[in-house]
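The values are calculated or read from the model by the stated rules, or taken from the named source; none is laboratory data. As the structure is a prediction and not an experimental result, all values here were calculated from the model. Backbone-built Cβ (ideal geometry, glycine too); neighbour counts: all protein chains shown.
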Amino acid sequence: MARTESTMLDLGTPAPDFALPDTAGNTVARADFAGRPLLVIFMCNHCPFVKHLGSEMVAFAREYQAKGLGVVAISANFVGTHPQDGPEEMVKEAATMGFTFPYLYDESQATAKAYRAACTPDFFIFDADHKLAYRGQFDTSRPGNDVPVTGNDLRAAADAVLSGGPVPAEQIPSLGCNIKWKPGNEPDYYGG
C-alpha cells in the first residue's frame, strides 16, 4: 500500500465549493452546511487505511453530527483503475457501514484538487464561517501498528471548533493511500 501524507492545506483557507452526487442520487453542496462547522473527509472503499478507521470514523461522525458538526465524505478515485470505489460500490459501503453522512462522488476530481487532497483518508475541519481550522490525522493508529483507534486528534479539533476555543496548534498530517488520479489528471502539489 502506498503511504501518502496529507498536503496540510493552509489554516484559514476558505472551504472550496462543491456540489456532488451522493449515494441516494441527490446533489449535496458545501452551501448546504452554511453557518455551521463542517468536516470534509476524502476517502474511498478499498483503502486499508480507511478500512482500519472504518467503524470508529462512523461512530465519530454520528457523535459529532449530534453536536452540530456537518460531515460529508468524498470519494475521488478513478474508477477506470479502481472500480470498487465507484458510485454503485459506494452505495453498498454506505449501507454496510451505516453512514449517517452524505458520501459523495467526485468523478472529475476537481473537488479533491480544490482541497489539495492527497490521501485516503484526508480530514479537513472548517469552522462555522467555513475557514480551515484543522487538517490532519484521525489519530496515531495505522494498519499494523497496534495502536488503538480513538480519533483523539480529530476529536480535540472538533471539540475546539464546536466550543469556539483554540484548535490544537500541532497538527500531524493524515497518512493513507494516495488518491487514484485519472491518467493525465495528477495534481502538481504532491507528485500524484
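Give the residues of region 1-55 that are more than 18 Å from L104 (Cα to Cα) and in contact with a Pro (Cβ under 9 Å, 6 or more places away or on another chain), sorted by residue number.
M1, E5, S6, T7, M8, P48, F49, H52, L53
Restricted to region 8-50, and to residues that are touching a Cys at 6+ places or on another chain (Cβ under 9 Å) and in a loop (DSSP other than H, G, I, E, B), which residue is surrounded by the fewest Cβ atoms within 10 Å (Cβ to Cβ)?
Across region 8-50, the extreme among qualifying residues is H46.
Can you work out which of the residues in region 53-95 that are in contact with a Lys or Arg (Cβ under 9 Å, 6 or more places away or on another chain) and polar (S, T, N, Q) is nearest to D32 (Cα to Cα)?
N77
List, please: which pairs have Cβ atoms under 7 Å, are six or more places apart or on different chains, and start with a residue in region 11-26 that is within 16 Å of L39 (Cα to Cα) and among the basic types (K, R) and end with one that is modelled with pLDDT under 95 and not in a strand (DSSP E or B)?
none
Among the candidates D32, D22, which residue alone is under 15 Å from the mean Cα position of the chain (by Cα), at pLDDT 95 or above and among the acidic types (D, E)?
Matching residue, one of D32, D22: D22.
Specify which of the listed residues (A112, A160) is under 17 Å from the mean Cα position of the chain (by Cα) and farther than 15 Å from G54 by Cα.
From the options A112, A160, the qualifying one is A112.
Inspect region 174-181 for any residue being over 18 Å from the mean Cα position of the chain (by Cα), among the charged types (D, E, K, R) and assigned to a loop (DSSP other than H, G, I, E, B) and give the result as yes or no.
Among the residues of region 174-181, not one is over 18 Å from the mean Cα position of the chain (by Cα), among the charged types (D, E, K, R) and assigned to a loop (DSSP other than H, G, I, E, B), which makes the answer no.
Among the residues of region 66-124, which ones are surrounded by 21 or more Cβ atoms within 10 Å (Cβ to Cβ), among the β-branched types (V, I, T) and touching a residue at least 40 places away in the same chain (Cβ under 8 Å)?
V72, I74, T111, T120
Any residue that is surrounded by 15 or more Cβ atoms within 10 Å (Cβ to Cβ), out of contact with any Gly (no Cβ under 7 Å at 6 or more places or on another chain), in contact (Cβ under 8 Å) with a residue 40 or more places away in the chain and of a type in the set (S, T, N, Q) - is there at least one of those in region 162-181?
Yes, region 162-181 has at least one match.
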